[in-house]
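S.K.: The following block contains the structure, expressed as structure tokens.
The values are calculated or read from the model by the stated rules, or taken from the named source; none is laboratory data. Because the structure is predicted, anything quoted here is derived from the model rather than measured. So basically every Cβ, Gly included, is an ideal-geometry build from the backbone, and we count neighbours across all protein chains shown.
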Amino acid sequence: MNPKSPPHFPCLDRNLGLDSYSPFVSTRRNEFIGWISTTVLAAAGYFIISRTGSLPWVHILLFSFFLAASAAISLANWIDRKIVITVTEKELEYNSPLRQCKATWDSIEIIRILPFNRGLRVFVQAGSDHFTYRIQTSDPSVTKQHQAGSILGGDLLTSRILSYSGFTDPVWQDGYWEYTANTQDTSDQDMEGS
């Protein structure tokens with residue numbers, strides 16, 4: 001991300017009504033491979049124990065690794081399938097199995113946009129509530145494939161959040177762009193003073 005120019009998001013139609021945004025969920029191939037590998041290792045471990053009476057520590061280590069990785073992949077996929085961000089004219093609502101956040105547009109205090117793995121991570125804070133989501137970059141040189149976990153239409157969602165919250169002028173911090181209520185008020189005062 002170039003610190004000299006903030007990220008650009010598409011223009012939006014203010015007449016858009018209720019909209020819901022969810023992450024792109026990839027195929028469950030990796031999850032399936034992980035669980036098959038874990039099952040094969042469990043069966044091999046059972047066979048080794050029945051033949052020798054003990055199990056090598058390397059086998060235990062591999063089994064533990066594949067079990068933990070498979071469980072983590074399954075959990076991440078399940079969470080991604082359940083995330084929904086809803087936008088209305090009055091409020092923004094984020095729902096996931098781990099976090100719920102509901103904020104009116106005027107209660108949003110900070111929006112941070114950080115570079116993240118071929119895209120951007122957007123942090124939204126409203127009082128003590130906050131949530132993050134990922135969007136893919138609109139850079140044509142980057143692959144067009146969707147990244148698992150990135151919000152489909154995330155650039156439009158971010159544009160709507162910035163527009164409905166009234167944030168216009170970001171400030172470059174150490175590695176991210178930050179939109180705050182203070183910079184919004186300062187830019188409004190500067191305009192009034194002109």
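S.K.: Please work out which residue is nearest to Gln136 (Cα to Cα), limiting yourself to the stretch 151-168 and to residues that are touching a Phe, Trp or Tyr at 6+ places or on another chain (Cβ under 6 Å) and of a type in the set (S, T, N, Q).
M.R.: Taking the candidates together, the pick is Thr158.
S.K.: Still on this model: I'm checking my understanding of the structure. Among residues of the stretch 19-47 that are more than 20 Å from Pro97 (Cα to Cα) and touching a residue at least 24 places away in the same chain (Cβ under 8 Å), which one is nearest to the chain's Cα centre (by Cα)?
M.R.: So, considering only residues that are more than 20 Å from Pro97 (Cα to Cα) and touching a residue at least 24 places away in the same chain (Cβ under 8 Å), the one nearest to the chain's Cα centre (by Cα) is Asn30.
S.K.: Shifting gears a bit: Could you identify the single residue in Ser64, Ser70, Ser50, Ser74 that is at negative phi, touching a residue at least 24 places away in the same chain (Cβ under 8 Å) and out of contact with any Gly (no Cβ under 7 Å at 6 or more places or on another chain)?
M.R.: Ser74
S.K.: Restricting the search to the stretch 49-72, which residues are under 28 Å from Arg29 (Cα atoms) and either among the aromatic types (Phe, Trp, Tyr) or surrounded by 14 or more Cβ atoms within 10 Å (Cβ to Cβ) (or both)? Explain how you work it out, then say what you get.
M.R.: Start the filter on the stretch 49-72 by keeping residues that are under 28 Å from Arg29 (Cα atoms), which leaves 58-72.
His59, Leu62, Phe63, Phe65, Phe66, Leu67, Ala69, Ser70, Ala71 - these are the residues of the stretch 49-72 that are under 28 Å from Arg29 (Cα atoms) and either among the aromatic types (Phe, Trp, Tyr) or surrounded by 14 or more Cβ atoms within 10 Å (Cβ to Cβ) (or both).
S.K.: When you scan the stretch 119-129, how many residues do you find that are farther than 14 Å from Leu157 by Cβ and either part of a strand (DSSP E or B) or at pLDDT 90 or above (or both)? Can you show your working first?
M.R.: Residues of the stretch 119-129 that are farther than 14 Å from Leu157 by Cβ, as a first pass: 125-129.
Within this subset, residues satisfying the condition of being either part of a strand (DSSP E or B) or at pLDDT 90 or above (or both) are 125-126, 129.
Count: 3.
S.K.: Hey, another quick one. What residue, of Leu62, Leu75, is hydrophobic (A, V, I, L, M, F, W, C), part of a helix (DSSP H, G or I), within 30 Å of Ser20 (Cα to Cα) and at pLDDT 90 or above? Show your work before the answer.
M.R.: Numbers: Leu62 fails: within 30 Å of Ser20 (Cα to Cα).
Only one candidate qualifies: Leu75.
S.K.: Turning to a different aspect of this structure: Name the residues in the stretch 43-59 that are of a type outside the set (Lys, Arg) and in a helix (DSSP H, G or I), would you?
M.R.: Ala43, Ala44, Gly45, Tyr46, Phe47, Ile48, Ile49, Ser50, Thr52, Trp57, Val58, His59
S.K.: Is there a residue being buried (at least 16 other Cβ atoms within 10 Å of the Cβ), of a type in the set (S, T, N, Q), within 12 Å of the chain's Cα centre (by Cα) and not in a strand (DSSP E or B) anywhere in the stretch 102-118?
M.R.: No, the stretch 102-118 contains no residue that is buried (at least 16 other Cβ atoms within 10 Å of the Cβ), of a type in the set (S, T, N, Q), within 12 Å of the chain's Cα centre (by Cα) and not in a strand (DSSP E or B).
S.K.: A further question on this structure: Glu91 fails exactly one of the following numbered conditions: (1) more than 28 Å from Glu31 (Cα to Cα); (2) surrounded by 14 or more Cβ atoms within 10 Å (Cβ to Cβ); (3) under 18 Å from the mean Cα position of the chain (by Cα). What is the number of that condition?
M.R.: Glu91 satisfies every listed condition except (3).
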